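**Q** First the structure, which I've put down as structure tokens, then a few questions once you've had a look.
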Number of protein chains: 2
Amino acid sequence: MRTVSSIKELRSLLKEARPKTVGFVPTMGYLHEGHLSLVDQAKEKADVVVMSIFVNPLQFGPNEDLAKYPRDIERDRYLAASRGVDILFFPSVEEMYPEGSKTIVTVKDITDSMCGASRPGHFDGVATVVTKLFNIVQPDYAFFGMKDAQQVAVITQMVRDLNMPIEIVPCPIVREPDGLALSSRNVYLSAEEREQALVLSRSLKRAEEMVAMGERDAAALRSAIKSIIQESPLAEIDYIEIRSYPELMPMEELRGHCIVALAVRFGRTRLIDNIMLVASQEETACSVR
Amino acid sequence: MRTVSSIKELRSLLKEARPKTVGFVPTMGYLHEGHLSLVDQAKEKADVVVMSIFVNPLQFGPNEDLAKYPRDIERDRYLAASRGVDILFFPSVEEMYPEGSKTIVTVKDITDSMCGASRPGHFDGVATVVTKLFNIVQPDYAFFGMKDAQQVAVITQMVRDLNMPIEIVPCPIVREPDGLALSSRNVYLSAEEREQALVLSRSLKRAEEMVAMGERDAAALRSAIKSIIQESPLAEIDYIEIRSYPELMPMEELRGHCIVALAVRFGRTRLIDNIMLVASQEETACSVR
């Protein structure tokens, strides 16, 4: 595996790679099995796999965890190489945002709710850095984990709207055996918070069962989820949302492709999780994790 | 010359063209010698020349001339083919903006003044459509006329900020023998307006002479320009701006690369023109048209 931190050097490496297909896995590093599962899928679909590790300041709010976001490039480099990444792109902030950058990519409407509402400017930062990374890497395929389901919806919309010649491949959430969705931020959790954080996946599981048994009322689902989360005294709910996917329109009654999405704080750590459901009108449903 | 109006068909045509270099001339059509001079420069630099003709609704304000913007695709097709365009891309509005488009590209700061101030949202529309066209055509070079100097500054900034793998080639303003800068909008002018519109180029010429003779005071230049324009009773000044280029910062005293830029209305027709100057500190200057 080659590691490069200059855009110019990356481009000349990739020039050699053409006309092979390029699969791209953008990450913020501190890799876990969720990221590495994206690499597996990239290797299956593309000839050359590029991973980027860049903690993007533009997508963090002023009171968020940019400074303390976990980083361990040596461990990441080892994990990425072991899993078969061909090129690791690890740019500095200066390389990505030279002085005087003035351009922002905005995706409207679907960024107003959920994490977009809790984190103003977050998705502008995501859309902008992903556009930059796509222009730098020029991948044929890009792989994103569905834990950040709204991010996948935003990027898919952006790629369509801006005619980027790239296929976005959404990949399933990877979970710990006990159900907790993998996240680099899980390291922030104390043992007690880690234990109580299981209410996220447990409440989603409960919502899934209710929908499978015919429940279609969003308010009823939301209230069931809320009461499970409130069993954890450390949990502070940011949002519980039930929306169409990928349009992210609110729904009172579940119908078609839906997302049940949560954001919950444990101390200063904000965790997100979600489940995708297809609510048929015949009172049966299947999850599409 | 092939004319295509589907993005998919254009992409498959361009796939055949690789690994030749592609030069791109985006236009709104109603071609004149200014556009065709861009084709000449594209042919000099690239193997394959693509021109687009698309009157982009996104860059017109609600009270602007979108509906009556002049169009003549048969004439344009003939002129483009005669000049050596290889592929003419002539998409419909639906092809470019399918229902539900939500993504906007914004370049900050340098879009606040001049045409950006007179035409709110204009440069968002420009940046967004140019991003789309660049992703569709994937050119190596793109050619823009310096009559729209602010547009060139905005697109150059955007390409840099978003790491687009494209070289922007600014091309000189083409003028009628009497000095009027070529513009598709010149057809709107009555004979009397056409005659009086010469105050734009005449006042810029005067500013150039004053700077060559050592004038460095922006207010003095602006007032000289203003009094020449006011010789035309039909002229209504939108702006007279003297700024650094390409940063577009206002300047009281000319220094380094400057633009003197005008927007003037004649009836319902808004014309723009500009001149680039290099103001040295040794009281001499040369124009860099």
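**Q** Would you point out which residue out of B:66, B:13 is over 25 Å from residue B:154 (Cβ atoms), surrounded by fewer than 18 Cβ atoms within 10 Å (Cβ to Cβ), of a type in the set (A, V, I, L, M, F, W, C) and in the same structural domain as residue B:124 (by TED's automatic domain parsing)?
**A** Working: B:66 fails: over 25 Å from residue B:154 (Cβ atoms).
Among B:66, B:13, only B:13 is over 25 Å from residue B:154 (Cβ atoms), surrounded by fewer than 18 Cβ atoms within 10 Å (Cβ to Cβ), of a type in the set (A, V, I, L, M, F, W, C) and in the same structural domain as residue B:124 (by TED's automatic domain parsing).
**Q** May I ask you to say which residue of B:37, B:5 is on the phi < 0 side of the Ramachandran plot, away from chain A (no Cβ under 14 Å) and over 15 Å from the mean Cα position of the chain (by Cα)?
**A** On the way: B:37 fails: over 15 Å from the mean Cα position of the chain (by Cα).
Of B:37, B:5, the one residue that is on the phi < 0 side of the Ramachandran plot, away from chain A (no Cβ under 14 Å) and over 15 Å from the mean Cα position of the chain (by Cα) is B:5.
**Q** Any idea which residue in the range B:135-151 is surrounded by the fewest Cβ atoms within 10 Å (Cβ to Cβ), counting only those that are of a type in the set (A, V, I, L, M) and modelled with pLDDT under 95? Show your work before the answer.
**A** Here is the first cut: in the range B:135-151, the ones of a type in the set (A, V, I, L, M) are B:136-137, B:142, B:146, B:149.
Now restrict to residues that are modelled with pLDDT under 95: B:136-137.
Values: B:136: 24, B:137: 26.
Only one residue tops the list, namely B:136.
**Q** Now for a separate question. Taking residue A:94 as meeting all but one of (1) surrounded by fewer than 22 Cβ atoms within 10 Å (Cβ to Cβ); (2) within 14 Å of another protein chain (Cβ to nearest Cβ); (3) under 16 Å from the mean Cα position of the chain (by Cα), write down the number of the exception.
**A** (3)
One line per residue, one yes/no per condition, for (1) more than 19 Å from residue A:109 (Cβ to Cβ); (2) outside the structural domain of residue A:112 (by TED's automatic domain parsing); (3) in contact (Cβ under 8 Å) with a residue 40 or more places away in the chain; (4) in contact with a strand residue (DSSP E or B) (Cβ under 9 Å, 6 or more places away or on another chain):
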| position | (1), (2), (3), (4) |
| --- | --- |
| A:220 | yes, yes, no, no |
| A:225 | yes, yes, no, yes |
| A:231 | yes, yes, no, no |
| A:234 | yes, yes, yes, yes |
| A:239 | no, yes, yes, yes |
| A:242 | no, yes, no, yes |
| A:248 | no, yes, yes, yes |
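**Q** Follow-up. Kindly indicate the residue of the range B:158-177 that is out of contact with any Gly (no Cβ under 7 Å at 6 or more places or on another chain) and β-branched (Val, Ile, Thr) and also farthest from the other protein chains (Cβ to nearest Cβ) among those meeting that condition. Talk me through it step by step, then tell me what you get.
**A** So the first thing to find is which residues in the range B:158-177 are out of contact with any Gly (no Cβ under 7 Å at 6 or more places or on another chain), and the list is B:158-170, B:172, B:175-177.
Pick out the ones that are also β-branched (Val, Ile, Thr) and you get B:159, B:166, B:168-169.
Values: B:159: 9, B:166: 9, B:168: 14, B:169: 18 Å.
Within the range B:158-177, the match that is farthest from the other protein chains (Cβ to nearest Cβ) is B:169.
One line per residue, one yes/no per condition, for (1) within 14 Å of another protein chain (Cβ to nearest Cβ); (2) touching a helix residue (DSSP H, G or I) at 6+ places or on another chain (Cβ under 6 Å); (3) acidic (Asp, Glu); (4) buried (at least 21 other Cβ atoms within 10 Å of the Cβ):
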residue: B:133; (1), (2), (3), (4): yes, no, no, yes
residue: B:153; (1), (2), (3), (4): yes, no, no, yes
residue: B:156; (1), (2), (3), (4): yes, no, no, no
residue: B:179; (1), (2), (3), (4): no, yes, no, no
residue: B:185; (1), (2), (3), (4): no, no, no, no
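**Q** Here is a list of conditions, (1) assigned to a helix (DSSP H, G or I); (2) free of Cβ contacts under 8 Å to residues at least 24 places away in the same chain, and residue A:163 meets all of them except one; can you say which number that is?
**A** (1)
**Q** Output yes when any residue across the range B:98-110 is more than 10 Å from chain A (Cβ to nearest Cβ), farther than 14 Å from residue A:135 by Cβ and either touching a helix residue (DSSP H, G or I) at 6+ places or on another chain (Cβ under 9 Å) or basic (Lys, Arg) (or both), and no when none is.
**A** No, that holds for no residue.
**Q** Of the conditions (1) buried (at least 19 other Cβ atoms within 10 Å of the Cβ); (2) at negative phi; (3) modelled with pLDDT under 95, residue B:110 satisfies every one except a single condition; which number is it?
**A** Failed condition: (3).
**Q** Kindly evaluate residue B:125 against the criterion of being within 20 Å of residue B:29 (Cβ to Cβ), within 14 Å of chain A (Cβ to nearest Cβ), surrounded by fewer than 20 Cβ atoms within 10 Å (Cβ to Cβ) and in contact (Cβ under 8 Å) with a residue 12 or more places away in the chain. Steps first, please.
**A** On the way: within 20 Å of residue B:29 (Cβ to Cβ): yes; within 14 Å of chain A (Cβ to nearest Cβ): yes; surrounded by fewer than 20 Cβ atoms within 10 Å (Cβ to Cβ): yes; in contact (Cβ under 8 Å) with a residue 12 or more places away in the chain: yes.
So residue B:125 passes the test.
**Q** Being within 14 Å of another protein chain (Cβ to nearest Cβ), within 30 Å of residue B:244 (Cβ to Cβ) and assigned to a helix (DSSP H, G or I) is the requirement here; does residue B:148 meet it?
**A** Details: within 14 Å of another protein chain (Cβ to nearest Cβ): no; within 30 Å of residue B:244 (Cβ to Cβ): yes; assigned to a helix (DSSP H, G or I): yes.
For residue B:148, the condition - within 14 Å of another protein chain (Cβ to nearest Cβ), within 30 Å of residue B:244 (Cβ to Cβ) and assigned to a helix (DSSP H, G or I) - is not met.
**Q** Which condition from (1) touching a Leu at 6+ places or on another chain (Cβ under 8 Å); (2) among the hydrophobic types (A, V, I, L, M, F, W, C); (3) part of a helix (DSSP H, G or I) is the one that residue A:143 breaks?
**A** (3)
**Q** Say whether the condition of being in the same structural domain as residue B:58 (by TED's automatic domain parsing) and under 30 Å from residue A:95 (Cα atoms) is met by at least one residue in the range B:83-103.
**A** If we filter the range B:83-103 for residues that are in the same structural domain as residue B:58 (by TED's automatic domain parsing), which is where we start, we get B:83-103.
Imposing the further condition that a residue be under 30 Å from residue A:95 (Cα atoms) reduces the set to B:102-103.
Among the residues of the range B:83-103, at least one is in the same structural domain as residue B:58 (by TED's automatic domain parsing) and under 30 Å from residue A:95 (Cα atoms), which makes the answer yes.
**Q** What do you reckon, is residue A:60 surrounded by 15 or more Cβ atoms within 10 Å (Cβ to Cβ) and touching a strand residue (DSSP E or B) at 6+ places or on another chain (Cβ under 6 Å)? Spell out how you get there, then give the answer.
**A** Details: surrounded by 15 or more Cβ atoms within 10 Å (Cβ to Cβ): yes; touching a strand residue (DSSP E or B) at 6+ places or on another chain (Cβ under 6 Å): no.
No, not satisfied.
**Q** So which strands (runs of 3 or more DSSP E) are wholly in the range B:1-116 and hold at least 1 residues that are in contact with a His (Cβ under 8 Å, 6 or more places away or on another chain), closer than 21 Å to residue B:181 by Cα and in contact (Cβ under 8 Å) with a residue 40 or more places away in the chain?
**A** On the way: elements: B:2-4, B:22-27, B:48-53, B:87-89, B:103-107.
Ranges flagged: B:22-27.
**Q** Which condition number in (1) farther than 26 Å from residue A:170 by Cα; (2) surrounded by fewer than 20 Cβ atoms within 10 Å (Cβ to Cβ) is the one that residue A:255 fails?
**A** (1)
**Q** Mind counting the residues in the range A:128-140 that are part of a helix (DSSP H, G or I) and in contact (Cβ under 8 Å) with a residue 24 or more places away in the chain?
**A** Taking the range A:128-140 as the starting set, the residues that turn out to be part of a helix (DSSP H, G or I) are A:128-137.
Cutting the leftovers down to in contact (Cβ under 8 Å) with a residue 24 or more places away in the chain gives us A:128-134, A:136-137.
The number of residues fulfilling the criteria is 9.
The values are calculated or read from the model by the stated rules, or taken from the named source; none is laboratory data. Everything quoted here is computed from the prediction, not taken from an experiment. Ideal geometry is used to build each Cβ from the backbone, glycine not excepted, and the neighbour counts take in all protein chains shown.
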